[in-house]
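Accompanying notes for the structure given below.
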Amino acid sequence: MVQVSLRGRVKKIDSRIVSVGDLVELEAADDEMRIARVLPREGALTRHGVSKRREQVIVANVDQLAVVVAAAGPAPDLLMVDRLVALAALDDIDCLIILNKSDLIEDADSVLSYYARLGYDTMTTSVKQNIGIENLADRLTDRVTVLTGQSGVGKSSLLNKLVPGLELRVGEISEKRGRGRHTTVASALYPYPDGGYVADTPGLQYLALWGVDPAHVSDGFSEIAALGPDCRFADCKHRAEPNCAVQAAVSSGAIAARRYESYLRLLAEAEDGR
Ligand SMILES: Nc1nc2c(ncn2[C@@H]2O[C@H](COP(=O)(O)OP(=O)(O)OP(=O)(O)O)[C@@H](O)[C@H]2O)c(=O)[nH]1
Ligand SMILES: [Mg+2]
Ligand SMILES: [Zn+2]
């Protein structure tokens with residue numbers, strides 16, 4: 001581990017120019033190492049909602065997003081899952097959905113079954129009962145993986161299990177509200193012992209799709225994207241247009257109403273951000 005500072009010229013452009021996960025060129029200065037150049041990024045997890053003007057890179061050079069939800073405490077926020085899964089698709093990053101705390105409910109596998117049927121990669125884990133950890137470990141080797149999800153779902157706990165000696169701070173769940181308390185406050189990347197890197201992130205409270213072209217939002221919903229070509233209008237937003245294959249599929253139950261509502265919500269956000 002080396003501590004480095006930003007060289008004046010780089011800093012002048014934008015001190016936020018370097019993100020967690022960036023590859024940089026260092027140069028030796030008097031008695032310290034400085035960042036001389038940030039190498040081009042290959043993919044990044046970005047947050048579009050902070051300012052309407054700029055996107056903020058959460059972690060650079062990511063190739064896999066692991067969306068973590070808890071079976072209970074806190075209850076799964078599936079809008080958040082849809083949002084993150086869509087973001088991964090829009091940022092062109094592979095995605096994995098993990099149901100943690102499976103020890104807390106009876107039928108844990110059913111929580112993500114809709115996503116599994118759509119072809120998304122899903123798995124079930126319990127840090128407490130040591131379930132599914134090997135499975136997840138296999139998925140992390142030689143990749144740059146970012147764990148995201150609500151506060152309190154067990155992201156830091158999972159990483160502590162997967163990376164010996166990591167000892168990240170793990171939080172309490174508020175008894176009153178059944179939510180996490182934002183124990184992790186900043187994103188950080190750690191070398192994965194078998195190769196690759198894993199990043200822990202704070203529970204994301206807000207992550208709007210501002211800055212995303214509204215026409216691309218459906219790309220984040222594989223079942224909606226698949227039906228797009230069957231709609232009467234090529235630029236159908238699947239909202240109130242006539243002869244819309246997506247609205248028909250929602251009516252027949254082939255597409256879950258809940259997913260469709262997530263889509264409409266994210267579509268509205270993308271339009272708001274224009
Ligand atoms: N029952 C149960 N509790 C778990 C499990 N995994 C984590 N926890 C508990 O859930 C609480 C929150 O875990 P954290 O790892 O801090 O959650 P986090 O997702 O990192 O939360 P933030 O850093 O706030 O975003 C802790 O009390 C953990 O002990 C699990 O599989 N089962
Ligand atoms: Mg944490
Ligand atoms: Zn349509």
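Based on C-alpha pairs under 8 angstrom that are at least 6 apart in sequence, the chain has a relative contact order of 16 percent. From most to least packed by mean Cβ count within 10 Å, the peptides 211-221, 181-191 give 211-221, 181-191.
Comparing mean-square fluctuations of Gln247, Gln129, Gln64 from a GNM of the chain with C-alpha springs under 10 Å, the top value falls on Gln129. Report in % the part of the accessible area of the stretch 71-180 that belongs to carbon and sulfur, leaving out ligands and nucleic acids; probe 1.4 Å. Carbon and sulfur: 43 percent of the exposed surface of the stretch 71-180.
Measuring nothing but alpha carbons in the chain and taking Rh as the Kirkwood radius, the Rg to Rh ratio lands at 1.00.
Per-peptide packing, taken as the mean over residues of other Cβ atoms within 10 Å, places 256-269, 141-154, 231-244, 66-79 in the sequence 141-154, 66-79, 256-269, 231-244 from highest down. In whole percents, the pair-distance distribution calculated for the stretch 129-274 from its alpha-carbon pairs, binned every 10 Å from zero, is 10, 28, 24, 25, 12, 1. Here the stretch 214-272 has 52 percent of its accessible surface on carbon and sulfur atoms, given a 1.4 Å probe and all protein chains in place. Remark: the chain carries 52 Å² of accessible area per residue (probe radius 1.4 Å; ligands, DNA and RNA excluded).
To the nearest Å, what is the center-to-center distance of the stretch 111-128 and the stretch 195-268, using C-alpha atoms only? Centre-to-centre (Cα) distance: 19 Å.
Each Lys and Arg adds +1 at its Cβ and each Asp and Glu adds -1 at its Cβ; summed about the Cα centre, the chain shows a dipole of about 960 debye. The convex hull around the C-alpha trace of the stretch 56-200, projected and averaged over every direction, spans 8.4 square nanometres. Between amide H atoms placed 1.01 Å from N, distances below 5 Å from Ile131 occur with Ser126, all of them 5 or more places distant or on a separate chain. Helical content of the chain, expressed as a calculated mean residue ellipticity at 222 nm, amounts to -7000 deg cm²/dmol (DSSP H runs of 4 or more residues, -39,500 (n - 2.57) each, divided by residue number, nearest 500).
Taking only pairs that are 8 or more places apart or on different chains, how many Lys pairs in the chain have Cα atoms under 17 angstrom apart? Lysine pairs, 8 or more places apart or on different chains, close enough: 5. Of all DSSP-defined beta bridges confined to the chain, some 35% are antiparallel rather than parallel.
Largest accessible area first, the residues Lys101, Lys155, Lys161 order themselves as Lys161, Lys101, Lys155 under a 1.4 Å probe with ligands, DNA and RNA left out.
The values are calculated or read from the model by the stated rules, or taken from the named source; none is laboratory data. Just so you know, these numbers come straight off a predicted model, no measurement behind them. We place every Cβ from the backbone using ideal geometry, glycine too, and count neighbours over all the protein chains shown. Accessible surface areas use protein heavy atoms only, side chains included; no ligands, DNA or RNA. Shrake-Rupley method; radii C 1.70, N 1.55, O 1.52, S 1.80 Å.
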